[in-house]
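**Q** One structure coming up, written as structure tokens, with questions to follow.
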Amino acid sequence: MRVKMNDSSNRMLPQLDDTNRFFWQSGKDGKLRLLRCECCAHYVHPPAPVCSNCLSTQLSPQIVSGKGRVASFTVNHHPWNPAVETPYVIALVELDEQENLRLTTNLVDCDPESVRIGDRVSVRFTQCGDIYLPLFALADTD
Amino acid sequence: MAASKPVISGIGQSAVGRRLGRSGLDLTVEAVKDALQHSGLSIKDIDGVACWPGRAAASPGFSPVSIPELHDAMGMDLNWYSGGGEGPGQLSSVINAAAAVTTGLADHVICFRTVTESSARTDLRSSGPLTDWMQWLLPFHAYSAANWTALYAQRYFHEFGATRESLGALAVHSRNNAALNPKAIYRDPLTLDDYLSSRMISSPLCLYDCDVPADGSTVVIVSRRECTSGLRREPIQIEATGCRLEKRHSWDQAPDLTTMSMSSAAKSMWSRTGLTPNDVDFAELYDGFSIITLFWLEAFGFCGRGEAADFVMDNSNIALNGKLPLNTHGGQLSAGRTHGLGFVHEACAQIWREAGRRQIQGPCNIAAVGVGGGTVAAAMILRGGNPIR
């Protein structure tokens, strides 16, 4: 039995460090957090020690809405990982907070063939040990 | 007096094929010898070596040979060498070599790219926890550049109304050219119906949108023009290169999902030459995935934004006897994934009129070479026919 997209097993996982830990563990309370500049309010993703907009080093994780839209997607059919059920949807979700602020993710609990660019989506997490991967579902299915 | 522009004085290539069962070093030595024979240089004339991305032990087959290994095997004495992965993609070696001969660090530089990706097998799951940029993609089962590129292709289709038929037209075109290339891996005819009915990899990219992993080594010799008198061929001038890096160096944060890094690379290249897109006779444009060639056509300005799909569907544009013959050896889609330098090799073969049955019969003196995709890309114009005199 191959695992479905909303399953947490058989995923390659990040190595946690002091820079990325807040992001990958953010979902523990169901909230998505991104690093934000305290000087110019720019969201910085992936996390970095400096704001690429104003070069401030005063950055801190901030809770974001977890809502966005599908900037693009692909239905993957190839069994790169034989343990994972295909087809599945890989998406680029652009978050509402900032233009071009995106996460690569999976769309879950949807018909892969029904996904369209521009669809509204919201975050849900899948737990893999102490890591919470942000996945997304179509907003009207909430 | 300003230094002469750097030139290419010879090209070489090993056998190219599927599962050749030969080591990377063996293939590289064959390609170097082929290039020496081709140029008329001896190994003692070679005083520089450049490669990209350097030996990549963690990615089997992707880059199996180091410069020190080649240097030692062939008994070279080098004034300058440089290899590594943090450059603008596969043309990094040629651009670094061009800079080296222009600044007097070396006279004749071997640039090589060796792959044994057809023989190598990688088990994704054998690697440890993810670090660096891969951590943002691979946890979501987005394992392959096919996935990452498909996201761009889908967005491009969405914004400009392009269809799979356009990518199919390029795949069929490349196969037609490959049929005339005895070294191409896939030479049997491919129809648009074959393309449309092939299995989907990552929508909208199907099997024939992906290049074919190969074993092989390709060499380009970059020389200082003043050192080329008496060689076998009139050297080909490296008219201009471009590898500007702007926006985000990222697959998923780049502001425009319908172009890639080649847009800024080509723009910076055009700022360094008096030539314009209208002066170009033919183009060799990277096709690790078919959509990338469309992005290159627009980046170079051979057609307008959003027009590349229509451009490649009109065979009078890209055929061997067309307005802009394209990927004349069959590209990586059909000739094999020699990974970048194969396009330089082919451009030089055409300019020297050594391309056999696939030789362009019309003007073929000025070539646009665009290599790379995603986050890395470099653009180059090659010019034959002794332009400086």
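**Q** If we keep just the residues of segment B:250-275 that are among the small types (Gly, Ala, Ser) and assigned to a loop (DSSP other than H, G, I, E, B), which is surrounded by the fewest Cβ atoms within 10 Å (Cβ to Cβ)?
**A** Going through the qualifying residues, I end up with B:Gly274.
**Q** Look through segment B:53-80, keep the residues that are touching a residue at least 24 places away in the same chain (Cβ under 8 Å), of a type in the set (A, V, I, L, M) and under 18 Å from B:Ala100 (Cα atoms), and return whichever of them is surrounded by the fewest Cβ atoms within 10 Å (Cβ to Cβ).
**A** B:Leu78
**Q** Being among the aromatic types (Phe, Trp, Tyr) and closer than 24 Å to B:Pro255 by Cα, is that true of even one residue in segment A:116-138?
**A** yes
**Q** Output the number of the condition that B:Tyr156 fails; it satisfies all remaining conditions of (1) within 30 Å of A:Asp17 (Cβ to Cβ); (2) facing another protein chain (nearest Cβ under 10 Å); (3) modelled with pLDDT of 95 or more.
**A** All conditions pass for B:Tyr156, except number (1).
**Q** Right, here's the next one. Exactly one condition in (1) of a type in the set (Asp, Glu); (2) buried (at least 23 other Cβ atoms within 10 Å of the Cβ); (3) over 19 Å from the mean Cα position of the chain (by Cα) is false for B:Asp209; which is it?
**A** Of (1) of a type in the set (Asp, Glu); (2) buried (at least 23 other Cβ atoms within 10 Å of the Cβ); (3) over 19 Å from the mean Cα position of the chain (by Cα), only one is false for B:Asp209: (3).
**Q** Inside segment B:234-254, can you point out the residues that are within 14 Å of another protein chain (Cβ to nearest Cβ) and within 23 Å of B:Phe302 (Cβ to Cβ)?
**A** B:Leu245, B:Glu246, B:Lys247, B:Ala254
**Q** Which of the numbered conditions does B:Ala319 fail, given that it passes all the others? Conditions: (1) farther than 22 Å from B:Leu207 by Cα; (2) surrounded by 24 or more Cβ atoms within 10 Å (Cβ to Cβ); (3) not charged (D, E, K, R).
**A** (2)
**Q** What are the residue pairs meeting all of these: first residue in segment B:320-335, first residue of a type in the set (A, V, I, L, M), second residue surrounded by fewer than 21 Cβ atoms within 10 Å (Cβ to Cβ) and assigned to a helix (DSSP H, G or I), Cβ atoms under 8 Å, and 6 or more apart or on different chains?
**A** Here the result reads B:Leu324/B:Asn317; B:Leu326/B:Asn317, each pair linking segment B:320-335 to a residue that is surrounded by fewer than 21 Cβ atoms within 10 Å (Cβ to Cβ) and assigned to a helix (DSSP H, G or I).
Conditions (1) crowded, with 17+ Cβ neighbours inside 10 Å; (2) assigned to a strand (DSSP E or B); (3) at negative phi; (4) within 14 Å of chain A (Cβ to nearest Cβ), marked per residue:
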site	(1), (2), (3), (4)
B:Gly89	yes, no, no, no
B:Ala97	yes, no, yes, no
B:Phe112	yes, yes, yes, no
B:Ser118	yes, no, yes, no
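**Q** Test B:Pro189 against the stated conditions and say whether it is within 26 Å of the chain's Cα centre (by Cα), more than 8 Å from chain A (Cβ to nearest Cβ) and more than 22 Å from B:Asn317 (Cα to Cα).
**A** no
**Q** Please pick out the residue among B:Leu151, B:Leu231 that is in contact with a strand residue (DSSP E or B) (Cβ under 7 Å, 6 or more places away or on another chain) and within 14 Å of chain A (Cβ to nearest Cβ).
**A** Sole residue among the options that is in contact with a strand residue (DSSP E or B) (Cβ under 7 Å, 6 or more places away or on another chain) and within 14 Å of chain A (Cβ to nearest Cβ): B:Leu151.
**Q** Looking at segment B:68-87, which of its residues are assigned to a strand (DSSP E or B) and of a type outside the set (Ser, Thr, Tyr)?
**A** Within segment B:68-87, B:Trp80, B:Gly83 meet the criteria.
**Q** Across segment B:179-206, which residue is surrounded by the fewest Cβ atoms within 10 Å (Cβ to Cβ) among those that are aliphatic (A, V, I, L, M) and out of contact with any Asp or Glu (no Cβ under 9 Å at 6 or more places or on another chain)? Even if it seems obvious, please write down each step before you answer.
**A** Taking segment B:179-206 first, the residues aliphatic (A, V, I, L, M) are B:179-180, B:184-185, B:190, B:192, B:196, B:200-201, B:205.
Narrowing further to those that are out of contact with any Asp or Glu (no Cβ under 9 Å at 6 or more places or on another chain): B:180, B:184-185, B:190, B:200, B:205.
Numbers: B:Leu180: 17, B:Ala184: 23, B:Ile185: 24, B:Leu190: 22, B:Met200: 19, B:Leu205: 27.
Checked segment B:179-206; the qualifying residue surrounded by the fewest Cβ atoms within 10 Å (Cβ to Cβ) is B:Leu180.
**Q** Output the number of residues of segment B:128-145 satisfying the condition of being more than 7 Å from chain A (Cβ to nearest Cβ) and in a helix (DSSP H, G or I).
**A** Residues flagged as more than 7 Å from chain A (Cβ to nearest Cβ) and in a helix (DSSP H, G or I) within segment B:128-145 amount to 4.
**Q** Hey, another quick one. Please work out if A:Ser60 is more than 13 Å from chain B (Cβ to nearest Cβ), of a type in the set (S, T, N, Q) and outside any strand (DSSP E or B).
**A** So A:Ser60 fails the test.
**Q** Moving on. Let me spell it out: the conditions are (1) facing chain B (nearest Cβ under 10 Å); (2) of a type outside the set (Phe, Trp, Tyr); (3) under 20 Å from the mean Cα position of the chain (by Cα), and A:His77 meets all of them except one. Which number is the exception?
**A** (3)
**Q** Of the residues A:Leu138, A:Leu101, A:Leu133, A:Leu107, which is away from chain B (no Cβ under 11 Å) and aliphatic (A, V, I, L, M)?
**A** A:Leu138
**Q** Could I ask something else about it? In contact with a His (Cβ under 8 Å, 6 or more places away or on another chain) and on the phi < 0 side of the Ramachandran plot: is that true of B:Asn315 in this structure?
**A** Yes.
**Q** If you scan segment B:328-340, which residues turn out to be over 18 Å from B:Gly384 (Cα atoms) and buried (at least 24 other Cβ atoms within 10 Å of the Cβ)?
**A** B:His329, B:Gly330, B:Gly331, B:Gln332, B:Leu333, B:Ser334, B:Ala335, B:Gly336, B:Thr338, B:His339, B:Gly340
**Q** Restricting to segment B:1-52, count the residues that are assigned to a helix (DSSP H, G or I), touching a residue at least 60 places away in the same chain (Cβ under 8 Å) and among the charged types (D, E, K, R).
**A** 3
**Q** On to the next question. Output the residue which, of all residues in segment A:118-130 that are surrounded by fewer than 19 Cβ atoms within 10 Å (Cβ to Cβ) and not in a strand (DSSP E or B), is nearest to the other protein chains (Cβ to nearest Cβ).
**A** Across segment A:118-130, the extreme among qualifying residues is A:Gly118.
**Q** Could you pull out the residue among A:Leu13, A:Leu34, A:Leu55 that is modelled with pLDDT of 95 or more, under 26 Å from B:Lys247 (Cα atoms) and within 13 Å of another protein chain (Cβ to nearest Cβ)?
**A** The conditions single out A:Leu34.
**Q** Just checking, how many residues over segment A:87-117 are assigned to a loop (DSSP other than H, G, I, E, B) and touching a residue at least 40 places away in the same chain (Cβ under 8 Å)?
**A** Adding up the residues that qualify gives 8.
**Q** Checking B:Ala283 against (1) away from chain A (no Cβ under 14 Å); (2) within 18 Å of the chain's Cα centre (by Cα); (3) part of a helix (DSSP H, G or I): exactly one of these is not met. Which one?
**A** (3)
The values are calculated or read from the model by the stated rules, or taken from the named source; none is laboratory data. This is a predicted model, so every value here is computed, not measured. Backbone-built Cβ (ideal geometry, glycine too); neighbour counts: all protein chains shown.
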